[in-house]
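The values are calculated or read from the model by the stated rules, or taken from the named source; none is laboratory data. These figures come from a predicted structure and were not determined experimentally. Please note: Cβ atoms are built from the backbone with ideal geometry, for glycine as well, and neighbour counts cover all protein chains shown. To get the accessible areas, we keep the full protein, side chains included, count just its heavy atoms, and leave off ligands, DNA and RNA. Shrake-Rupley method; radii C 1.70, N 1.55, O 1.52, S 1.80 Å.
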Amino acid sequence: MQRAQYRDRLYPDCPVRNILSRIGDKWSMLVLFTLEEHTPIRFKELQRAIPDISQKMLTTTLKTLEADGLLIRKAYPEIPPRVEYSLTERGLSLLPLIDKLLLWAQNNMDDILAERRKYLLKD
């Protein structure tokens, strides 16, 4: 059983746990932000924009976001095959919320890191 399916079964009725387990992973937010700035975008372009993501992880992340209706995968019947990804309205509606979270993180990061150091030194 895949990890995402397992989490969905653990919290089927809890929207916070269910949604955060899907978009709160290491790559989903980065993919969403990249799609915001570069849309539509092809797979290799997306992979170049996020250089430390593996091909397998990018594929998995894109499938998960597509399954949740946050992005659209459009395949063109061409040779060589061309596939483009873009955000859906739901995906676009999520971005302002993530922007606020990132702004909060930027505004509080120095203080949080200082508190961590202080906590580690108190023992």
Filtered residues of segment 83-95 (kept if open to solvent by less than 70 Å² (accessible area, probe 1.4 Å) and touching a helix residue (DSSP H, G or I) at 6+ places or on another chain (Cβ under 8 Å))
V83, Y85, S86, L87, G91, L94, L95
Just one listed residue, out of I19, I112, I98, I23, is in contact (Cβ under 8 Å) with a residue 60 or more places away in the chain, of a type in the set (A, V, I, L, M, F, W, C), at negative phi and surrounded by fewer than 17 Cβ atoms within 10 Å (Cβ to Cβ), and it is I98
I need every pair where a residue in segment 49-60 that is of a type in the set (S, T, N, Q) has its Cβ under 9 Å from the Cβ of a residue that is open to solvent by less than 70 Å² (accessible area, probe 1.4 Å), sequence separation at least 6 or different chains.
S54/Q47; Q55/F43; Q55/Q47; T59/F43; T60/A4; T60/W27
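Looking at A67, is it in contact with a Ser or Thr (Cβ under 6 Å, 6 or more places away or on another chain) and free of Cβ contacts under 8 Å to residues at least 60 places away in the same chain? Walk me through it before giving the result.
Values: in contact with a Ser or Thr (Cβ under 6 Å, 6 or more places away or on another chain): no; free of Cβ contacts under 8 Å to residues at least 60 places away in the same chain: yes.
When the stated conditions are applied, A67 does not pass them.
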Restricted to segment 35-82 and to residues being out of contact with any strand residue (DSSP E or B) (no Cβ under 7 Å at 6 or more places or on another chain), closer than 19 Å to L94 by Cα and among the polar types (S, T, N, Q), the residue surrounded by the most Cβ atoms within 10 Å (Cβ to Cβ) is T61
Taking only segment 53-71 into account, find how many residues are more than 17 Å from I98 (Cα to Cα) and either small (G, A, S) or over 14 Å from the mean Cα position of the chain (by Cα) (or both).
4
